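The values are calculated or read from the model by the stated rules, or taken from the named source; none is laboratory data. Treat the numbers as computed from the prediction; the structure is a model and nothing was measured. Ideal geometry is used to build each Cβ from the backbone, glycine not excepted, and the neighbour counts take in all protein chains shown. Please note that ligands, DNA and RNA were not included when accessible areas were found on the heavy atoms of the full protein model with its side chains. Shrake-Rupley method; radii C 1.70, N 1.55, O 1.52, S 1.80 Å.
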Amino acid sequence: MMQTLTLEQETNPWEAQAARFDFAARKLNLDEGIWKVLRYPAREIIVHIPVGMDDGSIEVFTGYRVQHSIARGPAKGGIRYSPDVSLDEVRALASWMTWKCAVVNIPFGGAKGGVICDPKKMSQGELERMTRRYTAELVEFIGPEKDVPAPDMGTNEQTMAWIMDTYSMHLRQTCTAVVTGKPVNIGGSRGRREATGRGISVVCDEALKYLGMPVEGCRVIVQGFGNVGSNSAKLLAEKGYTIIGIAEYDGGLFNSKGIDVPALIEHRSRAGTIVGFAGAEAADKDELITYPCEILIPAATENVVTSRNADRLRCKILCEGANGPTTTVADEILADKRVFIIPDILANAGGVTTSYFEWVQDRMGYFWTEAEVNQRLDAIMSQSFLDVVAYATSHGVNNRIAAYMLAIDRVAYTTKQRGIYA
Ligand code: GLU
């Protein structure tokens, strides 16, 4: 049935999420009522944000905040600034946050926000005004006990600082726990910036152990060199993995002997692009993900591995740093090829796990050392990997469906326990 999907249907993130959810729910024999409750987001907010632009004109941007679930705790999830943002995408990303928080067993529900804009074409002043007005529109919907945003594509620590400040000005008191991923000096957590990449390096270590493969000679290709991709590459290289390829939106790099990642990060901050880096040869960015390697890490955006290219992938492990990089049709092709998948809701959960630590530290007003943060993160990521593969084995399903089943089961249990308020 899936093979009959058009590419547009195949790459709709909401459909991709819903297909996996339905499959896992069926396997769990999920109660029909709970199925309906968990299938759809609890709340969807649409805002149209007027912003004074630098040239004196007024622009109106459309923004969303979707809260999928608050069953296990406050809603939690990033805010994305991108021209490709759509309600369906934000819905999918919000649901994935619910499942992700449940997979790593932290006390949050799931949410996501997005604004349709091109942050690369906006000045700092325009971004600040847009962020503050977006926050003001959402002021009664977010909060440390309600919904806690964080960075995602196109947003960063500075964006979180503006949100924290705007929210605090409305409250007339500084409230740091309203967002995570803040700068360290204003309530951010040590280790948060690298946390998603660090979590990825931990699940890669666990996967190699599980599959009996050595770190030495383990070739890694990373697609995307933003926060997640660059930190994954850097940390994996430090652990002895060989980063042979890096693909970015504007070009790719290949070096069979391994790319010097810190040198590349330095080149990028100087040149504004990875292109032209002397320590590797240029490679086609789309072809790179089909090169032979032990681990492929898509760390950019959705729909990178689709029916168009899945049969050409030559990795042994697909570790999903991005949310939703693999379509459901591609899943089937990769299953036939026996690719070991570390699914997004497990692989990239290191970010939200350290966001949880940040929220805890803000509420305590007591901050941990980087070593403490990292040690707690490593423990949660290792345990979650083992939980997912054990679940996959005992239920005879693949890792992705195991992660969904584990998560849905946890959220369903809480939902039933709390009961339906009428
Ligand atoms: N945007 C990140 C994600 O997709 C982090 C979310 C968070 O820290 O709340 O997992």
*Pick out, in residue order, every one of the trypsin sites (Lys or Arg not before Pro) in segment 96-181 that is DSSP loop and has at most 16 other C-beta atoms within 10 Å; say none if there are none.*
Lys146, Arg172
_Three-way shape label, segment 315-359, alpha-carbon gyration tensor, a/c 1.5_ = prolate
*Quick one: accessible area per residue over segment 1-155, 1.4 Å probe, rounded to a whole number of Å²?*
42 Å²
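Which FRET efficiency value, to the nearest 0.05, is calculated for Gln375 and Glu59 with the Förster distance at 56 angstrom and r the Cβ-Cβ distance?
0.80
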_Only bridges whose two residues both fall in the chain count here: according to DSSP, what percent of them are antiparallel, nearest 5?_
50 percent
_As a test question: what accessible area, to the nearest 10 Å², does Tyr366 have when a 1.4 Å probe is rolled over all protein chains in place?_
150 Å²
*Ordering Val85, Val228 from largest to smallest accessible area (1.4 angstrom probe), what's the sequence?*
Val228, Val85
*asked:* Give me the tail of P(r) for segment 270-325 as a percent: Cα-Cα pairs with distance above 15 Å.
replied: 56 percent
_What is the sum of charges, Lys and Arg at +1 and Asp and Glu at -1, for the other residues whose Cβ falls under 12 Å from the Cβ of Glu44?_
+3
*Highest-MSF residue in the chain out of Leu30, Leu211, Leu296 [GNM, Cα springs under 10 Å]*: Leu211
_Need the C-alpha centroid separation for segment 78-126 versus segment 349-422, integer Å._
19 Å
*For the residue pair His48 and Lys27, what label-to-label distance in nm results when each label sits 7 Å from Cα along the Cα-to-beta-carbon direction?*
4.4 nm
*With the contact rule set at Cα under 8 Å and sequence spacing of 6 or more, what percent relative contact order holds for segment 1-150?*
25 percent
_Over the chain, relative contact order from alpha-carbon pairs under 8 Å, at least 6 apart, %_ = 17 percent
_Links that overshoot a 18 Å alpha carbon limit, given the list Lys112/Lys234; Lys234/Lys257; Lys36/Lys416; Lys182/Lys239; Lys121/Lys285_ = Lys112/Lys234; Lys182/Lys239; Lys121/Lys285
*Check every DSSP H run in the chain and write down those whose alpha carbon atoms cover 30 angstrom or more along the long axis and whose mean Kyte-Doolittle hydropathy is -1.0 or greater.*
370-395
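Expected output is a single nm value to one decimal: the length gained when fully extending between Thr273 and Gln124, i.e. 0.36 nm times separation in residues minus the C-alpha distance. What is it? It would help to have the intermediate numbers written out before the result.
Working: separation 149, 0.36 × 149 = 53.64 nm, distance 1.97 nm.
Using 0.36 nm per residue and subtracting the Cα-Cα distance, I get 51.7 nm.
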*Taking all protein chains as present, what is the carbon and sulfur share of the accessible area of the chain, in % to the nearest whole number, probe 1.4 Å?*
51 percent
*Quick one: which residues, 5+ away or cross-chain, put their amide H under 5 Å from the amide H of Arg80? H built at 1.01 Å from N.*
Gly113, Gly114, Val115
_Inter-label distance for Arg39 and Arg418, nm, one decimal - labels placed 7 Å from Cα along Cα-to-Cβ_ = 2.0 nm
*Give me the aspartates and glutamates in straight-line cross-link reach of Lys100: C-alpha distance below 12 Å, same-chain residues under 8 apart excluded.*
Asp344
*Stretch gain in nm, segment Glu266-Val139, where the contour uses 0.36 nm per residue and the Cα spacing is subtracted*: 41.9 nm
*Counting DSSP beta bridges with both partners in segment 25-160, what percentage is antiparallel, nearest 5?*
65 percent
*Report relative contact order for segment 142-290 in percent, whole number only (criteria: Cα-Cα under 8 Å, sequence separation at least 6).*
15 percent
*Å² of accessible area per residue within segment 205-259, as computed with a 1.4 Å probe and no ligands counted*: 40 Å²
*Whenever you get a sec, line up Ser232, Ser269 from highest to lowest accessible area (probe 1.4 Å, protein heavy atoms).*
Ser269, Ser232
*Could you give the radius of gyration (one decimal) and Dmax (whole number) of the Cα atoms in the chain, in Å?*
20.5, 64
*Could you rank the peptides 174-184, 375-385 by their average count of other C-beta atoms within 10 Å per residue, with the highest value first?*
174-184, 375-385
*Which residues make up the longest stretch of the chain clear of GluC sites (Glu not before Pro) that lie in a DSSP loop with no more than 13 other Cβ atoms within 10 Å, not counting the sites?*
217-422
